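Working notes, structure below.
The values are calculated or read from the model by the stated rules, or taken from the named source; none is laboratory data. All values reported here derive from a predicted model rather than from experimental measurement. Using ideal geometry, Cβ is built from the backbone for each residue, glycine included, and neighbour counts are taken over all protein chains shown. Calculation scope for accessible area: heavy atoms of the full protein, side chains included, ligands and nucleic acids excluded. Shrake-Rupley method; radii C 1.70, N 1.55, O 1.52, S 1.80 Å.
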Amino acid sequence: MNYIAETGALKKAGLSIVILLFICCRGFAQAQNVPVNFRVDNLICEYKINPIAVDAANPRMSWKLITQDRNIQQTYYEIRVGTNAVSLTKGKDLIWTSGKVPSDESAHVYYGGPMLTSREKCYWQVRVWNNKNQVTPWSMVNFWKMGLLKQEDWSAKWIQDNYQSDTTGGPSPMFRKTFKLDRKIRAAHLYITAHGVFEAQINGKRVGNDYFAPGWTSYNKRLQYQVYDVTSLLRRGENATGVTIGDGWYRGYTYNRKKNVYGKKLALLYQLEIVYTNGKRELITSDKSWKVAYGPIRSSSFFDGEVYDARKEKSGWTEPLYKDATWDTVKTDESIKSNLITTIGPTVKKHEKFLPLKVFTTPAGEKVIDFGQNLVGWVQFKLKAKTGDTIRLFHAEVLDQKGNFYTKNLRTAKQEITYVFKSDSAETYEPHFTFQGFRYLKVVGYSGPLDSTNIATYALYSDMAQTGKFSTSNPLVNQLQHNIQWGQKGNFIDVPTDCPQRDERMGWTGDAQAFVRTATFNMDVAGFFTKWLKDLSADQHRDGAVPYVIPNVLDSVSSAASGWSDVATIAPWTIYLAYGDKQVLQQQYESMKAWVGYIQLHSRNYLWDTGNHFGDWLFYAGTNYEDGAALTDKNLIAQAFYAYSTQLLINAARILKRGDDVQKYTQLLYNVKKAFQSEYVTPNGRMISGTQTSYVLALNFDLLPENLRESAAKRLVNNIQDYDEHITTGFLGTPYICHVLSRFGHTDIAYDLLMKESYPSWLYPVKHGATTIWERWDGIKPDGSFEDPGMNSFNHYAYGAIGDWMYRVITGINTDENSPGFHRIIISPHPGGKLTSAQAELETLYGRVKSAWSIDNGIFTLDVIVPPNATAEIVLPSVTDQITENGLDINTEKEITGIQKIGNDEHLNVGSGTYHFVYTLKTFGKHVN
Ligand code: BGC
């Protein structure tokens, strides 16, 4: 029974009220024709379950319909919002009610009540009606709480230590305060942020389970604060709190060893708001009464690791009885607070744990542990040594040809943990303000045994729910999918980074645009990208240039590059498609427009052929870097992305009903395409760069006249065959190559590329033991040697962009662009590549979508799940004979409509439900067995 979600409220309400409610609701339900198995669940607000710091003026609510019945559509919904969980269920103390709204929207429905104020807590529930004239009971009660909406809500002052010199790379200051609470506490919330990254404690307990908070944003313009419900950590009487701050992204080392990017001084902003049971409020804030000292963290840096001297720990420092007489005073700082914003995306949390797979000595005599997975996170140990002994831990992604520990590709990043023991007993440790990209750990200074009882590693990444699953009958392809997912985990650390190990770890825009669509299939990245895109807008130059990295820590001069800066249009459009989120288009519209404006400004006669571009980064260079058949003209690429960004801007304008812009940019697009054709395409359709990427971009972005497209696709196929069915594209061509092949009827060639095991290909690294996606096609060369260590990451997600094709084409799960967010689904599987089965699932805002096919002796079976309130078009491939669904001829099932044969494929429409299709497959080509 789920009428009240909040356990606290449940307890308070008492069992009798609950029973009463249950009876009332049942009674009410029966009167309204409520079937037992039709209900509403999974209520979220602004993509979160019960968020406690919302700053949207009109928060958006989403819910899922739960039913086993087929063909269920929502026809009406009713939302009610109130001030109290219990009275809400009686329809009392309401702030707002939507009334019964005729609508099939169950995602992103706006709150439409009176303006909400800071800290206001809104309880809400919803019920829906369906096309079978049924109504659900009122849902469980969920809530959202507003954040601090005005600058005046902050009474806290920024505080800093008084230590004078530039201490970047030095010890982490610890701030401490004691306070007395003289009444019984009803609720307490901590609003906190830092210049730096923080870890807070109250009365000896860690506050929350976030790491690297407040996350990375364009700090000077947007600084997130976090909110924690800390009621259970406080007590009546004496209390103490403490916060440690590390350099983090605020002032720690970044690209080219630049430091202090946002400022030199670490600082804390802390506001603890307590409400007593008598309603009285109390505030504990950061101010001059706090004290500060250095402790065991002697230095911390994302690139370099952490130096921790346990002898300098201040045991009990966040307990009230701790003696802080030797601690120093703090100073207050008048830093701005107008940049404070609530946390939109998921925070970084600790995830999978890995135990040693193998502990061994390398040929060079070094003690190394293999954890079996190239992961991003840190080590945790419980080891015993002698007071003052030092253990040093080094992190590496790979071993070299001889089996030795290899760190050259980390460039200047040290990735080292140094720990000094404080006693002769076993000590437990994990780092604080650093993360490493590694699979192997080299241990120096510790001679005792190391095994799964005393050492482990944890992966840390943004807390995105895993929404997608994909697997096939081919283990190598499954490993590729594993590698793509781990590439995403390791590089989604608050911002989408290029790599997590060497001295970069920045939000490179080109990498993010290449991978964003795949990312939406693996995990819920809606909040993650919504937040990052706001930083993109914030850091976009006045002339519309989108910096190479976001947040922009590189030089402030106006810089932009095709295929990189285009993330400004590609990412919002992708998030819109994946989640049906119009607001992200609204939010980014001016930025999208400004980006296209920048290109216009730098073009002559609609041709963009100026500026510095990275081109088709890390394409297959062959034996000769200037290999004509793989090297794509950079200006051709720029022009192609000019058109694509313009197209996406038109799409967004259409959705947002900006008719003038649709017209204006449609005209622009026409001219941009014409300029592309006259500059880069011969009248017969030959591109001036005869490369895979060149044809892929031209075809994917519809840049060629209709009559030249088929032949261009054929040229692409020829090029691929000239390379013995190897891929030669770089970051820009790779995401689209298989899509283009499929679109023009060459899925068999796309499968050839996917299944190729020799270099360059996706499975080549898999065959070489990769557990993540490599930056280069040949990070480890066929002879076992490494690529140039200056640029050889083994955890770079860009080439993982094939994941999108795997979901959308192999298992064929897609959203209809006219009804995005999988409200209308297209299930169009494409067997091939000698696969005997493939299955994928995707948790969408409507519920779980599934497409799973198998081939056995020429019999094709397809299992499909369409969630309630969604519909689907199913395309059954290569049909010869009668198709059955759950044993029945599909023509006899009234829920299956619009049956139509197009070519060899059977198209049909279904509503929600579970379907099981079986038929004999027409053999086509070498790829179906
Ligand atoms: C990064 C790339 C990035 C590129 C731009 C590299 O150093 O690691 O992934 O997109 O620079 O050229």
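Per-structure values
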quantity: Which of ARG654, ARG542, ARG206 is most accessible, then next, and so on - probe 1.4 Å; calculated: ARG542, ARG654, ARG206
quantity: Virtual spin-label span in nm between SER118 and SER315, 7 Å along Cα→Cβ; calculated: 4.1
quantity: For the chain, Kirkwood radius (reciprocal of mean inverse C-alpha pair distance, Å); calculated: 29.8
quantity: Quarter of Cα convex hull surface for the stretch 178-227, i.e. mean projection, nm²; calculated: 4.6
quantity: FRET efficiency estimate (nearest 0.05) - Cβ-Cβ, ILE336 to ASN209, R0 25 angstrom; calculated: 0.30
quantity: Rounded FRET efficiency, nearest 0.05, which uses the C-beta distance separating GLU706 from LYS408 and R0 of 45 Å; calculated: 0.35
quantity: Spin-label zone in the stretch 86-122 - amide nitrogen under 13 Å from a point set 7 Å from the Cα of TYR76 along the C-beta vector; calculated: 98-104
quantity: Förster radius 22 Å - calculated FRET efficiency between TYR322 and ASP389, Cβ distance, rounded to 0.05; calculated: 0.25
quantity: Accessible surface of the chain, 1.4 Å probe, proportion on carbon and sulfur as whole %; calculated: 49
quantity: Share of Cα-Cα pairs in the stretch 496-600 lying beyond 15 Å, as whole percent; calculated: 58
quantity: Euclidean distance of C-alpha centroids, the stretch 201-275 and the stretch 515-592, integer Å; calculated: 26
quantity: ALA465 versus LEU601: modelled label distance in nm, points set 7 Å from Cα along the beta carbon direction; calculated: 4.2
quantity: Positive-end residue of GLY784, SER851, MET806, charge dipole of the stretch 781-879 with Cβ unit charges; calculated: SER851
quantity: In the stretch 90-182, the chymotrypsin sites (Phe, Trp or Tyr not before Pro) that fall in loop regions by DSSP, at most 15 other Cβ within 10 Å; calculated: TYR163
quantity: Normalised contact order of the chain, rounded percent, pairs of Cα under 8 Å and 6 or more residues apart; calculated: 10
quantity: Alpha-carbon Rg with Dmax, taken over the stretch 468-811, Å; calculated: 18.9, 58
quantity: ARG743 versus HIS541: modelled label distance in nm, points set 7 Å from Cα along the beta carbon direction; calculated: 3.1
quantity: Amide N proximity, the stretch 304-342 versus SER165 label position 7 Å along Cα-to-Cβ, cut-off under 13 Å; calculated: none
quantity: ³J(HN,Hα) computed for each position of the stretch 440-456 - Karplus, 6.51 cos²θ - 1.76 cosθ + 1.60, integer Hz, glycine/proline x; calculated: 10, 10, 9, 10, 10, x, 9, 9, x, x, 10, 7, 5, 7, 10, 8, 8
quantity: Sites matching trypsin sites (Lys or Arg not before Pro) across the stretch 306-357 that sit in DSSP coil, with at most 12 neighbouring C-beta atoms within 10 Å; calculated: LYS323
quantity: Largest-first principal axis extents of the Cα set of the stretch 810-901 (Å); calculated: 37, 32, 20
quantity: Convex hull projection area averaged over all views, the stretch 301-389, Cα basis, nm²; calculated: 11.6
quantity: Residue-averaged [θ]222 nm for the chain, counting only DSSP H segments that reach four residues, each worth -39500 (n - 2.57); calculated: -7000 deg cm²/dmol
quantity: Contour minus Cα-Cα distance for GLU590 and THR361 (0.36 nm per residue); calculated: 76.7 nm
quantity: Coil-residue GluC sites (Glu not before Pro) of the stretch 244-319, DSSP, other Cβ within 10 Å capped at 11; calculated: none
quantity: Mean Kyte hydropathy of 1.0 or more with a Cα span along the axis of at least 18 Å, helices from DSSP in the chain; calculated: 7-31
quantity: For the stretch 824-920, with +1 on Lys and Arg beta carbons and -1 on Asp and Glu, the positive-most of GLN900, ILE825, THR920 along the dipole; calculated: ILE825
quantity: Normalised convex hull volume, the stretch 38-146, alpha-carbon set, Å³ per residue; calculated: 88
quantity: Hz values of 3J(HN,Hα) by residue in the stretch 215-230 - Karplus curve (6.51, -1.76, 1.60), Gly and Pro given as x; calculated: x, 10, 9, 6, 3, 5, 9, 9, 10, 6, 10, 10, 10, 10, 7, 10
quantity: Per residue solvent-accessible surface (Å²) - the chain, probe of 1.4 Å; calculated: 37
quantity: Size of electric dipole in the stretch 824-920: Cβ of Lys, Arg +1 and of Asp, Glu -1, about Cα centre, debye, nearest 20; calculated: 220
quantity: Span from the the stretch 666-715 Cα centroid across to the the stretch 865-890 one, whole angstrom; calculated: 37
quantity: Candidate residues ARG604, ARG119, ARG505, ARG517: accessible-area rank, largest first, probe 1.4 Å; calculated: ARG604, ARG119, ARG517, ARG505
quantity: Heavy-atom accessible area order for VAL292, VAL662, largest first, 1.4 Å probe; calculated: VAL662, VAL292
quantity: Two-decimal log10 I(q)/I(0) for the stretch 349-462, as the Debye equation yields it once each C-alpha is a single scatterer, q = 0.14, 0.23 Å⁻¹; calculated: -0.54, -1.44
quantity: Contour excess over end-to-end distance, with Cα ends at LYS657 and SER758 and 0.36 nm allotted per residue; calculated: 31.5 nm
quantity: Residue (of THR497, PRO765, LEU732) at the positive-pole extreme of the chain, dipole from beta-carbon charges; calculated: THR497
quantity: Dipole magnitude (debye, nearest 20) for the chain, charges at Cβ of Lys, Arg, Asp, Glu; calculated: 3160
quantity: Cα-derived Rg over Rh, computed across the stretch 368-433 with Rh taken as Kirkwood radius; calculated: 1.01
quantity: Simple Cβ-charge dipole of the stretch 38-146, Lys/Arg +1 and Asp/Glu -1, about Cα centre, in debye nearest 20; calculated: 240
